[in-house]
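Heads up: the structure comes next, in structure tokens.
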Number of protein chains: 2
Amino acid sequence: MDLCEQRASEAPKLPKILQNIDQVRLEGQKSTTCISHQEEIEKQFPTLFGAPILKGSTGDSIERKPLKVGVVLSGGQAAGGHNVIAGLFDSLPKGSKLFGFLGGPGGIVDGHYKELTSQFIASYRNQGGFDMIGSGRTKIESEEQLKKSKETIESLKLEALVVIGGDDSNTNAAVLAEYLGSQVNVVGVPKTIDGDLQNPYVQISFGFDTATKTYSEMIGNIARDAISAKKYYHFVKLMGRSASHIALECALRTQPNYTFISEEIEHSGKALSELIKELAEMIEKRAREGKNYGVVLIPEGLIEFIPELKSLILELNRGELSKEGEKVLHALPSAIQEQLQMDRDPHGNVQVSHIQTEKLILELVKKELTIENFSPVEHFFGYEGRCGLPSHFDANYCYALGSCAGVILSHGKTGYMACVTDIHQPIEKWGVAALPITSLLCVEERKGKMKPVIQKALVDLNGAPFKSFSSKRESWKYADDYRFPGPIQFYGPDLITESIPLIVK
Amino acid sequence: MDLCEQRASEAPKLPKILQNIDQVRLEGQKSTTCISHQEEIEKQFPTLFGAPILKGSTGDSIERKPLKVGVVLSGGQAAGGHNVIAGLFDSLPKGSKLFGFLGGPGGIVDGHYKELTSQFIASYRNQGGFDMIGSGRTKIESEEQLKKSKETIESLKLEALVVIGGDDSNTNAAVLAEYLGSQVNVVGVPKTIDGDLQNPYVQISFGFDTATKTYSEMIGNIARDAISAKKYYHFVKLMGRSASHIALECALRTQPNYTFISEEIEHSGKALSELIKELAEMIEKRAREGKNYGVVLIPEGLIEFIPELKSLILELNRGELSKEGEKVLHALPSAIQEQLQMDRDPHGNVQVSHIQTEKLILELVKKELTIENFSPVEHFFGYEGRCGLPSHFDANYCYALGSCAGVILSHGKTGYMACVTDIHQPIEKWGVAALPITSLLCVEERKGKMKPVIQKALVDLNGAPFKSFSSKRESWKYADDYRFPGPIQFYGPDLITESIPLIVK
């Protein structure tokens, strides 16, 4: 028996409130609004708008009728997706049927699905990946897509749909809920390793814990290599667009010499040259102490937060380069210039995720250095962390999220996001809630159109996690106070196996 | 308490024979020769040559006198090095002293050392890395280096020295043993994540298990991402020069679609173009089955085993390019051409380890493909695996190797390699042996000079591990029969925590 099989045979822990699904009540009266643009949001979601936040409590058993439910995974992989489906499946009343749409939301549009049976689900319990039914990035937006989706749902006689995805997918869930009306209830489940889907009811999205623990294992190993070999500077780029939550969490776990936090850089308005100078100073000072090695963490989205690079990218996307833009461009290493100019997406936009930010930083810093011994090594950790075997936290959290979605559907609610609350408490004390997706919406320009969106939660520079980081980082620069978290453990002392993300508090 | 601290507090398991160190006997009569060039080896090692292989058994207790011992870590990091030192420390008779030379063999030459106390060693028990005393790549070869080393050893009044290292470091241990004579006993311990130090008494070198399990965790995660996202081809280069043991072990653990085994390619004499064609055919066929994703493993040393690239590198090192060589060079992607021509070591040689073989392969295959959807992603896994928290196997194996070295020293033997045998058996049945390093030697040209060396053990194309791989790989090409080993576990079922490398049998 290998680790995957062993884990598949184990039952996730359930919060007390979810141990008797028939007894869960969801209650709330106070109507909600939204983050901004109330008029527009209300116009676009006339039925859903204003729904109250519902909180879970335990009451007398209620009778629940069997349901026909569809479920879909949307967007990038995150550890625990399979457990959301397992939790949903197990929470549905006897006689229910669950259909998985294949390859993401496109499977709803095109009518590709599979009935999910107990036997089929069994081998995916507690497993990483989204391979049970696949995922995809189709957004159901156009009138035709909506119509075809409705046809698929009607042909299957579905009474409900669960959308497991990130900020955009949850927004899309609200769009679908509004479109499908009272016939079909739609519930969203908050997923993304980026950690940028956060609010008072979503302390962290699922997948973040496993991804950051996997990256931290590797960063720790690399840090240990650095102080053993004493000759390499490791520049580690970490997956996660926009927000730097992943870099912050990994920094707190491994205590590297230097970590870029995009939000702080944007806030400070520092120029790229200043950032490079600061890093070069650290490297020079370490060299004077005989330390020609180190570890530097770089969030994937960094360059969009550095003012002059942000402008440059905007100019390149528009196809007009100002004098200032030209100057910025030509100061970059040639490989990066090439990537910025040549590598465009189908809309002609710069593909920011293709830019080798780790190379950019180390090439620029190299030019700045006066020392001789500088051997940089580049790393990018991304795919390695999205599909790992879910940590206990992600496995339990996801299973509870799936159960919570099942509860919301049994209560006949639609347009809600399934939330598991109080996750900083021991599992038995976790709570459940249903959050109106519309209450999270504002309006932003996307591809030239004004669209309802859930605002990405960025690193809060006044929050405890960032403050803890910023109070220690100066000493980390020189003290080599690395931590080596090691691989995720599934057995052994609770202190090790049951830990939750450090940025959750 | 975190995982590192928890592991530091735990005692490794010891084989039965090492549980009472005072009772271990080492016996053997039959004199040995060497692999080849007997006359030269005998001339260079007049004292050591011909020593018998000694095997451990249990007898009556013998009295052992306290020893003053030096220990040094040599070459690249490998998980478990700290436990070799801990095992050695614990095995020395009461009243002994242990000194660690700092920063590798250079620490012996320059007299940089540190006394290793029980308290100091405590926090390094079962930990990864070589940071307890550092490591380095200095070879003690010149008359001056030898003389200075002797002075250091004499000034410390050392009676013995333990050299923990790979093939070259163990050869160097024999050179030192011969030079230092009967005053100082020198013992080698076989280390290298590459797995290329193998013989009947060394079934695998330490560090291989942790490195390959760490790489396999990540390859498994990536494979799971591949079948979930269904849109990326992952090209994974794996650390390990020359031999492909790491790639073979990882292939057996994760069952990727395609794995290059350098030794097989050299044996077949296949041209690069043939290899690329074969890979391209697989990718095209998978595409026809709707599979535009996959996982390809590439051993770091590959290009030195592809006949025309091997010749090209030789020509570039000599500085004379033939017409054929020029043709081969110009058929390569421009970035690789540049690396081959520009990136030289201080001797003017091509730095093979700097060549982005994974990029080379994917760029060439891209040119060959007629399909549209091909999104390759490059990875290099190396540093991530050298300093991980040692697996149970590496932790126990290393601790036993250290104890074995202590036993050999207590028996007043020199020029021996410490061996722990029968590692395919349960730990209690593991044996110990002392192998004359001279018996492993042959002579090879190194940097223009004929030198005694331990031949690197390459993948045996007639061995069971390769045969098991080659019998299954055709089906792995198309069946997506990936395995996801997950992270190394230190607690839980024995079947999971106590596994040993698959190539050991």
Residues to consider are A:Thr47, A:Thr58, A:Thr33; find the one that is more than 14 Å from chain B (Cβ to nearest Cβ), closer than 24 Å to A:Phe89 by Cβ and among the hydroxyl-bearing types (Ser, Thr, Tyr). A:Thr58
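Can you find even one residue in region A:123-142 that is part of a helix (DSSP H, G or I) and closer than 30 Å to A:Gly240 by Cα?
No, region A:123-142 contains no residue that is part of a helix (DSSP H, G or I) and closer than 30 Å to A:Gly240 by Cα.
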Which one of these is charged (D, E, K, R), in contact with a strand residue (DSSP E or B) (Cβ under 6 Å, 6 or more places away or on another chain) and touching a residue at least 40 places away in the same chain (Cβ under 8 Å): A:Lys291, A:Lys285, A:Lys237? A:Lys237
Selection from region B:116-133 of residues that are farther than 18 Å from B:Tyr397 by Cα and touching a Phe, Trp or Tyr at 6+ places or on another chain (Cβ under 7 Å): B:Leu116, B:Met132, B:Ile133
Would you check which residues across region A:126-162 are touching a residue at least 40 places away in the same chain (Cβ under 8 Å), away from every other protein chain (no Cβ under 14 Å) and buried (at least 18 other Cβ atoms within 10 Å of the Cβ) and list them? A:Ser149, A:Thr152, A:Ile153, A:Leu156, A:Leu158, A:Glu159, A:Ala160, A:Leu161, A:Val162
Test result for A:Gly50, more than 23 Å from A:Lys148 (Cβ to Cβ), under 20 Å from the mean Cα position of the chain (by Cα) and in contact (Cβ under 8 Å) with a residue 40 or more places away in the chain: no
Count, please, the residues in region B:83-111 that happen to be within 26 Å of the chain's Cα centre (by Cα) and either not in a helix (DSSP H, G or I) or not assigned by TED's automatic domain parsing to the domain that holds B:Val72 (or both). 8
Residue ranges of helices (runs of 4 or more DSSP H) in region B:206-296 with at least 2 members within 22 Å of the chain's Cα centre (by Cα) and away from every other protein chain (no Cβ under 14 Å): B:245-254, B:262-268
For region A:365-386, give me the residue count where each residue is out of contact with any helix residue (DSSP H, G or I) (no Cβ under 8 Å at 6 or more places or on another chain) and within 8 Å of chain B (Cβ to nearest Cβ). 0
With the checklist (1) part of a helix (DSSP H, G or I); (2) under 24 Å from B:Glu281 (Cα atoms) in hand, flag the one item B:Ile371 doesn't pass. (1)
Conditions: (1) basic (Lys, Arg); (2) modelled with pLDDT under 95; (3) in contact with a helix residue (DSSP H, G or I) (Cβ under 9 Å, 6 or more places away or on another chain); (4) farther than 30 Å from B:Lys413 by Cα. B:Arg473 meets all but one. Number of the miss? (2)
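Of all residues in region B:40-78, count the ones that are assigned to a loop (DSSP other than H, G, I, E, B) and within 27 Å of B:Asp110 (Cβ to Cβ). Walk me through how you get there before you give the answer.
Taking region B:40-78 as the starting set, the residues that turn out to be assigned to a loop (DSSP other than H, G, I, E, B) are B:45-51, B:53, B:59-67, B:75-78.
Those left that are additionally within 27 Å of B:Asp110 (Cβ to Cβ): B:45, B:47-48, B:66-67, B:75-78.
Counting residues in region B:40-78 that are assigned to a loop (DSSP other than H, G, I, E, B) and within 27 Å of B:Asp110 (Cβ to Cβ) gives 9.
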How about region A:387-489: which strands (runs of 3 or more DSSP E) wholly inside it have at least 2 residues that are of a type in the set (Ser, Thr, Tyr), at negative phi and more than 14 Å from chain B (Cβ to nearest Cβ)? A:416-421
Applying the selection to region A:209-229, what residues are among the basic types (Lys, Arg) and either at pLDDT below 95 or farther than 23 Å from A:Asn292 by Cα (or both)? A:Lys213
Scan region B:417-441 for residues that are under 16 Å from B:Ile164 (Cβ atoms) and within 19 Å of the chain's Cα centre (by Cα) and report the count. 6
Of the residues in region B:112-134, those that are hydroxyl-bearing (Ser, Thr, Tyr) and either within 25 Å of B:Ala11 (Cα to Cα) or outside the structural domain of B:Ser74 (by TED's automatic domain parsing) (or both) come to B:Thr117, B:Ser118, B:Ser123, B:Tyr124
Give the residues of region B:103-115 that are in contact (Cβ under 8 Å) with a residue 24 or more places away in the chain, touching a Phe, Trp or Tyr at 6+ places or on another chain (Cβ under 6 Å) and either surrounded by fewer than 22 Cβ atoms within 10 Å (Cβ to Cβ) or hydroxyl-bearing (Ser, Thr, Tyr) (or both), sorted by residue number. B:Tyr113
Kindly indicate the residue of region A:340-377 that is under 20 Å from B:Asn373 (Cα atoms) and of a type in the set (S, T, N, Q) and also surrounded by the most Cβ atoms within 10 Å (Cβ to Cβ) among those meeting that condition. A:Asn349
Would you mind finding the one in A:Ile313, A:Ile298 that is surrounded by 13 or more Cβ atoms within 10 Å (Cβ to Cβ) and over 22 Å from A:Asp225 (Cβ atoms)? A:Ile313
Let me confirm something: among B:Ile500, B:Ile496, which residue is in a loop (DSSP other than H, G, I, E, B), aliphatic (A, V, I, L, M) and assigned by TED's automatic domain parsing to the domain that holds B:Glu289? B:Ile500
Quick check, is B:Phe466 touching a Pro at 6+ places or on another chain (Cβ under 9 Å) and surrounded by 19 or more Cβ atoms within 10 Å (Cβ to Cβ)? no
Answer from A:Lys477, A:Lys472 - the residue that is among the basic types (Lys, Arg) and either out of contact with any Gly (no Cβ under 9 Å at 6 or more places or on another chain) or not assigned by TED's automatic domain parsing to the domain that holds A:Arg241 (or both): A:Lys472
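The values are calculated or read from the model by the stated rules, or taken from the named source; none is laboratory data. As the structure is a computational prediction, the values presented were derived from the model and not from experiment. Neighbour counts run over all protein chains shown; Cβ positions are idealised from the backbone, glycine included.
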